[in-house]
Amino acid sequence: MTTSILRTAEGWWVQTADGAARIATSAATTCELLSHRTAIDAAAHNAHTAPIDSLRLVSPVTVPCRVVAQMTNFASHVKGAGMDPKTVPLTFFRKTSGSINGPFDQIIKPPHVKLLDYEVEIGLVIGRDIPVGTEITESNLADFIAGLVVTNDVSARDVQLTKTQFYEAKSYPTFTPVGPALVLLDADELNRFGDLRLELQVNGEVRQNMLVHGDMIYPPLQALQSLARFQRLGTGDLVMTGTPVGTALGAPPKPPELNAFLKREASNPKYLQHGDILDVSIATNDGAIDLGTQRTSVRYA
């Protein structure tokens with residue numbers, strides 16, 4: 001059975017059938033918390049709980065940390081971008097951890113950004129240090145993934161396209177809402193990763209809705225094996241695993257057509273507007289694994 005970890009400014013909690021039970025820990029970071037499994041287990045059986053609605057939840061992934069993201073990792077998204085999934089390599093980019101935001105906070109668009117987009121993604125929270133050269137196999141994968149979180153890879157598409165890089169376009173403050181829960185999994189539960197459904201709604205309209213199985217190109221095992229060849233990861237770091245079809249941006253333009261494309265995109269109603277409400281959730285269809293739902297609003301600075 002999964003364990004859902006919640007975090008507030010005051011401390012850490014375990015979600016139970018009756019509410020949220022405080023974890024008796026002085027852990028200040030996700031890394032430290034993950035070493036306090038005895039305290040987590042004890043809280044899960046604590047009869048003294050608080051209503052979850054009374055808690056002001058913040059990201060269960062603390063900063064600073066490494067944030068690594070996979071590119072073009074769902075076949076439906078790749079096809080929507082005008083590419084062939086069979087030819088797409090396993091690639092990554094980095095985001096600043098300063099972009100991490102709470103699951104119910106505002107997404108703030110900087111004044112110079114014109115095309116604000118969204119991407120629901122499953123986040124892997126690293127459960128054990130992965131030095132470069134670590135051998136990761138199917139049998140030990142669960143040792144390195146502590147749990148999963150809902151993430152939204154918010155993107156400034158005009159910055160991304162004009163500067164031909166992702167780092168700035170996806171790293172502004174508030175551009176990575178995380179949570180509401182860090183859902184700890186055992187090996188059997190992690191084996192159901194392919195059963196997870198990603199869904200994102202804007203103002204109640206479903207924009208993204210896809211199962212992992214049959215659409216994700218490079219699953220977590222391949223991603224971590226590749227990263228372990230060149231990128232050290234630490235306990236509490238975050239790896240985002242890509243998004244399915246349904247983002248505002250479709251097939252990007254070729255360089256000579258960029259200015260005309262951006263002009264046309266300015267009238268695309270799917271880009272996020274001031275006051276928009278996003279509901280982002282990830283769960284299996286049977287509810288056995290439920291990462292929760294984050295609800296964020298958009299504010300134009």
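Each reported figure results from applying straightforward, stated rules to the coordinates on display, with no laboratory input. Quantities reported herein were computed from a predicted structural model and do not represent experimental measurements. Glycine gets a Cβ as well: all are built from the backbone with ideal geometry, and neighbour counts include every protein chain shown.
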*Could you let me know the centre-to-centre spacing of the range 223-301 and the range 185-222, using Cα atoms, in angstrom?*
13 Å
*the range 36-171 shape via C-alpha gyration tensor axes, a/c threshold 1.5*: oblate
*Going by how many other beta carbons lie within 10 Å of each one, how would you line up Ile277, Ile5, Ile100, fewest first?*
Ile277, Ile100, Ile5
*For the chain, what is the relative contact order in percent, using Cα pairs closer than 8 Å and at least 6 residues apart in sequence?*
26 percent
*Give the longest segment of the chain that steers clear of GluC sites (Glu not before Pro) in DSSP loops with at most 11 neighbouring Cβ atoms within 10 Å, not counting the sites themselves.*
139-301
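Could you tell me whether the chain comes out rounded, prolate or oblate from its Cα gyration tensor? Rule is a ≥ b ≥ c as square roots of the eigenvalues, rounded for a/c under 1.5, then prolate if a/b exceeds b/c, otherwise oblate.
Details: a/c = 1.82, a/b = 1.40, b/c = 1.30.
Taking the square roots of the gyration eigenvalues as a ≥ b ≥ c, the chain is prolate.
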*Place the peptides 48-56, 241-249 in order of packing, highest mean first, counting for every residue the other Cβ atoms within 10 Å and averaging per peptide.*
241-249, 48-56
*How large is the charge dipole for the chain, taken about the Cα centre, if only the Cβ atoms of Lys, Arg (+1) and Asp, Glu (-1) carry charge, to the nearest 20 debye?*
1120 debye
*Simple spin-label estimate for Arg128 and Arg264 in nanometres, 7 Å along Cα-Cβ*: 5.1 nm
*By its C-alpha gyration tensor, with a ≥ b ≥ c as the square roots of the eigenvalues, how is the range 1-56 shaped: rounded for a/c under 1.5, else prolate for a/b larger than b/c, else oblate?*
oblate
*Considering only Asn73, Asn101, Asn259, give the residue with the highest GNM mean-square fluctuation for the chain, with springs between Cα atoms whenever their separation is below 10 Å.*
Asn259
_Selected from Leu55, Ala9, Ala266, residue furthest toward positive end of dipole (the chain; charges at beta carbon)_ = Ala266
*asked:* Give me the extension gain from Val206 to Asn140: residue separation times 0.36 nm, minus the current Cα-Cα distance, reported in nm with one decimal.
replied: 20.1 nm
*Relative contact order (%) - criterion: Cα under 8 Å, at least six apart; region: the range 1-56*: 35 percent
*C-alpha center-to-center spacing [the range 115-158, the range 1-37] in angstrom*: 20 Å
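Run the numbers for His45 and Asp186: contour at 0.36 nm per residue of separation, minus the present Cα-Cα distance, in nm.
Working: separation 141, 0.36 × 141 = 50.76 nm, distance 1.82 nm.
Between His45 and Asp186, full extension yields 48.9 nm more.
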*Hey, in the GNM for the chain with a 10 angstrom Cα cutoff, which one of Ala181, Ala228, Ala146 fluctuates hardest?*
Ala228
*asked:* Along the Cα→Cβ direction, 7 angstrom out, place labels at Asp279 and Gln231. What is the inter-label distance in nm?
replied: 3.2 nm
